[in-house]
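To start, the structure itself, in structure tokens.
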Amino acid sequence: MKIKPIILVDPFPRTMELIFSKDKLNYLKSKFKLIKRGKILEKDFYDRNIEKAIFIIGQPTLELSTLKKAKKLKAIFNVESNFLHNMDYDYCFKKNIYVLSTSPVFAQPVAEMSLGLLLSIARSIHIAHNDFIHKKEKYGGEISQNNFLIKNKNFGFVGFGDLAKATLPLIKPFANKILAFDPWISNINIKSKNVHPASLENLLKNSDIIFVFATSTVSNKQMLNFKKLNLMKDSSTILIMSRAAVVNFDDLFKFLKQRNVFAAIDVFPKEPFPKNDPLRRLKNVIFSPHRAGALDVVFKDMGDIVINDLKLILAGKTPKYCKKAELKTVTKIISKPVDIN
């Protein structure tokens, strides 16, 4: 009887049933021996099992002494989707162990949610709906004095990774000009998408609608402070859709309270967001409780890209569906792990 290759299964806060369809989970069970961590202490589980594993589905903290026992390991599939400072990436690269994240699956749903929030701000959709529910609706243009069209506006991306690239085709039909600030991506790459590279300051000054999609790093923590935010135009809109750490939220509150600027916020420095935070009381903000990417179909997409890359790796090919950790940048990323699906 052929011995099945071993996958160590430790996907918390996800579950295998959340990530994989029934058919895909059955595929894994038919081709591999799945060893679940369960309630075993993390270090004990990996010290005991990593030597025989070919893949890990999860995002464990692995000490170097544990990693050195991994004689067969080909890849770690991080299904929490953030690269964490939880292992020796240098050692993984030296030993050709891929560290992969399922984060690309969130690009399209976050892009679509961003557009939805923007349209709701532009036309007071959420306000008109709430008024109607409370029997206080205002007909015609009575609540539309501050409304605007998104056509012929200047758009700005703070961060030009997967989220921005998924949003780009959605806004191109409306855009007059599109700017992008991303020190990790070359100007040539940005220009190849018919987008104009810009400094953060110029982007804030010249954009009517700004999407904050930046990855949180050691160098950009709270870079959107009061001084920077105050460069924005009156009647402009900022959508904070990824990595709350790049925004100083105390300054954001002060800025939004003083200025005629609209905001949509899907990510927060602390979640659940404090019930008594004064930001909640501002009328020029639309809130979303970190749900832009949270769709069942998206979680199942995670499972699909894990299996697609798993098959490529077994065939001796390079994975191409999940995001690969890059040694020159992964240690500079500061990610806040999620604990609510």
With the requirement that a residue be within 23 Å of residue 308 (Cα to Cα) and either in contact with a strand residue (DSSP E or B) (Cβ under 6 Å, 6 or more places away or on another chain) or not in a helix (DSSP H, G or I) (or both), what does region 86-112 give you? 92, 95, 96, 97, 98, 99, 100, 101, 102, 103, 104
Do we find that residue 299 is touching a residue at least 40 places away in the same chain (Cβ under 8 Å) and in a helix (DSSP H, G or I) in this structure? yes
Which residue, of 255, 287, 299, is open to solvent by 50 Å² or more (accessible area, probe 1.4 Å) and aromatic (Phe, Trp, Tyr)? 287
Could you figure out which of (1) in a loop (DSSP other than H, G, I, E, B); (2) in contact (Cβ under 8 Å) with a residue 40 or more places away in the chain isn't true of residue 28? (1)
Filter region 107-129 down to the residues that are open to solvent by 80 Å² or more (accessible area, probe 1.4 Å) and without any contact (Cβ under 8 Å) to a residue 24 or more places away in the chain, then identify the one that is farthest from residue 169 (Cα to Cα). 129
Of a type outside the set (A, V, I, L, M), without any contact (Cβ under 8 Å) to a residue 24 or more places away in the chain, in a loop (DSSP other than H, G, I, E, B) and surrounded by fewer than 19 Cβ atoms within 10 Å (Cβ to Cβ): is that true of residue 336 in this structure? no
Considering only region 2-25, state which residues are in a loop (DSSP other than H, G, I, E, B) and crowded, with 19+ Cβ neighbours inside 10 Å. 11, 14, 20
Consider residue 165 against the criteria (1) under 23 Å from residue 233 (Cβ atoms); (2) surrounded by 13 or more Cβ atoms within 10 Å (Cβ to Cβ); (3) at pLDDT 95 or above: it satisfies all of them except one. Which criterion is unmet? (1)
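The values are calculated or read from the model by the stated rules, or taken from the named source; none is laboratory data. The structure displayed is predicted, hence computed values, not measured ones. FYI the Cβ positions are ideal-geometry reconstructions off the backbone, even for glycines, and counts take in every protein chain you see. Accessible surface areas use protein heavy atoms only, side chains included; no ligands, DNA or RNA. Shrake-Rupley method; radii C 1.70, N 1.55, O 1.52, S 1.80 Å.
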